[in-house]
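Q: Quick one: the structure is below, questions incoming.
The values are calculated or read from the model by the stated rules, or taken from the named source; none is laboratory data. Here the structure is a predicted model, which means the values were calculated and not measured. Cβ: placed from backbone, ideal geometry, glycine included. Neighbour counts: every protein chain shown. With ligands, DNA and RNA removed, areas are computed over all heavy atoms of the protein, side chains included. Shrake-Rupley method; radii C 1.70, N 1.55, O 1.52, S 1.80 Å.
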Amino acid sequence: PEEKCRVLSIQSHVVRGYVGNKSATFPLQVLGFEVDSINSVQFSNHTGYAHWKGQVLTADELNVLYEGIKLNKVNHYDYILTGYSRDTSFLETVVDIIQELKKANPSLVYVCDPVMGDHGAMYVPENLLPVYRDKVVPLADILTPNQFEAELLTGRKVNTQEDAFEVMDLLHKMGPETVVLTSSDLPSKKGDQFLVALGSQKIVKPDGSKTSQKICMDIPKVDAVFVGTGDLFAAMLLAWTHHHPKDLKAACEKTVSVMHHVIKRTITYANEMAGPGKRPSPAQLELRMVQSKADIENPAIVVEAKVLHKSSQ
């Protein structure tokens, strides 16, 4: 039996809807992973609604929960997944936990979505940037920034695809062997109805030899604001890189295809619920996660990744 599939996911929790752990847990479980979740916040719903209420987990409370896991000697994980955090002391405690878990299991894979902002604006406090840059990213094995976050972390602007791969190379040098730019402002060859996502993987094999792969994807745009898609993306990349550890192309195609099916089902449902000519509400736009179970398990590939560069040294 495959035991190498236990994930510790430290993310937000909502009572209603899909964001953070709610976005990540079900799809990972469907794909055969054991998921242990620590809820960094517990809110009634995501903050895009008119109203929201709830509690925030402190760094001390996070430590207490982890202490309990440790006392029972069940602090053995194969993967760690983290997303949105808005508190430096909480993030630094997460770093301590990851370091300890990596000591306990050197082959542990840390999947980090460095959520800081988008479209040129930060939506977390600015003092999180140095923590991500100096402490978090060096521990990450798989990193899923958008273009703006990659620019923040490296201090370099991206204007061309060459820039983007240079920035990803800088990120590799900081630690992670797999970097996926989940979205960019680069023009797509397929026109303005498409988003460009890029991936880069540098693997050092056990014998010391290196392989690298660079890929590019054109993803169809959808005209609506979804919440929880980034969290779903990082979780699916974790799952599909587990199944395709040396093939970023296959892992990204499956990840993006899952996203496409879930989003398509969601927008279709939301438009039906809203009625003709009306903008769907945040509640109507909650991801249709449970209804997408079959797509999550076995996604029909709808987006092809182009391999731009593959090498073995």
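Q: How compact and how long is the stretch 6-312, expressed as Rg and Dmax of its alpha-carbon atoms in Å?
A: In Å, with Rg to one decimal and Dmax whole: 18.6, 60.
Q: Here are some pairs, LYS70/LYS210; LYS205/LYS293; LYS173/LYS205; LYS53/LYS254; LYS73/LYS214; which of them have Cα atoms lying more than 28 Å apart in this structure? Provide the component values of the computation, followed by the final result.
A: Numbers: LYS70/LYS210 36 Å; LYS205/LYS293 34 Å; LYS173/LYS205 17 Å; LYS53/LYS254 35 Å; LYS73/LYS214 40 Å.
Correct reply: LYS70/LYS210; LYS205/LYS293; LYS53/LYS254; LYS73/LYS214.
Q: Would you mind telling me the share, in percent, of accessible area of the chain contributed by carbon and sulfur at probe 1.4 angstrom? Spell out each step's value before the answer.
A: Details: 7840 of 14860 Å².
Roughly 53 percent, rounded to a whole number.
Q: What order do you get for 74-84, 156-166, 131-141 when each peptide is scored by the mean count of other beta carbon atoms within 10 Å, highest first?
A: Working: 74-84: 21.2, 156-166: 14.9, 131-141: 19.1.
So the peptides 74-84, 156-166, 131-141, ranked by packing, come out 74-84, 131-141, 156-166.
Q: Here's a follow-up. What is the gain in length, in nm to one decimal, between LEU170 and ASP36 on full extension, counting 0.36 nm per residue of separation less the C-alpha to C-alpha distance? Mind dumping the intermediate values first?
A: Numbers: separation 134, 0.36 × 134 = 48.24 nm, distance 3.19 nm.
In short, 45.1 nm is gained.
Q: Return the loop-located trypsin sites (Lys or Arg not before Pro) in the stretch 276-313 (DSSP other than H, G, I, E, B) with at most 11 other Cβ atoms within 10 Å of their own Cβ; answer none if there are none.
A: Details: sites: LYS278, ARG288, LYS293, LYS306, LYS310; in loops: LYS278, ARG288.
Answer in residue order: LYS278.
Q: How far apart, in nm, are the 7 Å Cα→Cβ label points at ALA50 and ASP96?
A: 4.3 nm
Q: Checking a compactness column here: for the stretch 161-209, what do you get for Rg(Cα) / (2.2 N^0.38 Å), N being the number of residues?
A: Normalised Rg, Cα atoms only: 1.38.
Q: Can you tell me which of GLN55, GLN29, GLN201 moves the most in a GNM of the chain? Springs connect C-alpha atoms under 10 Å apart.
A: GLN55
Q: Let me check I have the definition right: for the stretch 105-237, take the eigenvalues of the Cα gyration tensor, multiply each by 5, take square roots. What are those semi-axes in whole Å, largest first? Walk me through the intermediate numbers first.
A: Values: eigenvalues 108, 68, 43 Å².
Its equivalent ellipsoid spans semi-axes of 23, 18, 15 Å.
Q: Given labels modelled 7 Å from the Cα in the Cβ direction, how far is it in nm from ASN298 to LYS278?
A: Placing both labels 7 Å beyond Cα along the Cβ direction yields 3.8 nm.
Q: How would you order 18-25, 250-257 from highest to lowest mean count of nearby Cβ atoms within 10 Å? The partial results should precede the final answer.
A: Details: 18-25: 26.6, 250-257: 24.6.
Result, highest mean first: 18-25, 250-257.
Q: Right, another one. Shape verdict for the stretch 1-95, please, from the Cα gyration tensor: rounded (a/c under 1.5), prolate (a/b greater than b/c) or oblate.
A: Numbers: a/c = 2.34, a/b = 1.28, b/c = 1.83.
Cα axes put the stretch 1-95 in the oblate bin.
Q: Let me ask something else about it. Once you keep just the Cα pairs under 8 angstrom separated by 6 or more residues, what percentage relative contact order results for the stretch 6-312?
A: Values: 568 pairs, mean separation 50.0, N = 307.
Relative contact order, the stretch 6-312: 16 percent.
Q: Hey, can you find the accessible area per residue of the chain for me, probe 1.4 Å, expressed in square angstrom? Each step should come with its number before you reach the end.
A: Working: 14860 Å² over 313 residues.
It amounts to 47 Å² per residue over the chain.
Q: Can you tell me how much longer the chain between ALA121 and LYS190 gets when fully stretched, taken as 0.36 nm per residue apart minus their C-alpha distance, in nm with one decimal? List each step's numbers first, then the result.
A: On the way: separation 69, 0.36 × 69 = 24.84 nm, distance 2.70 nm.
Length gained between ALA121 and LYS190: 22.1 nm.
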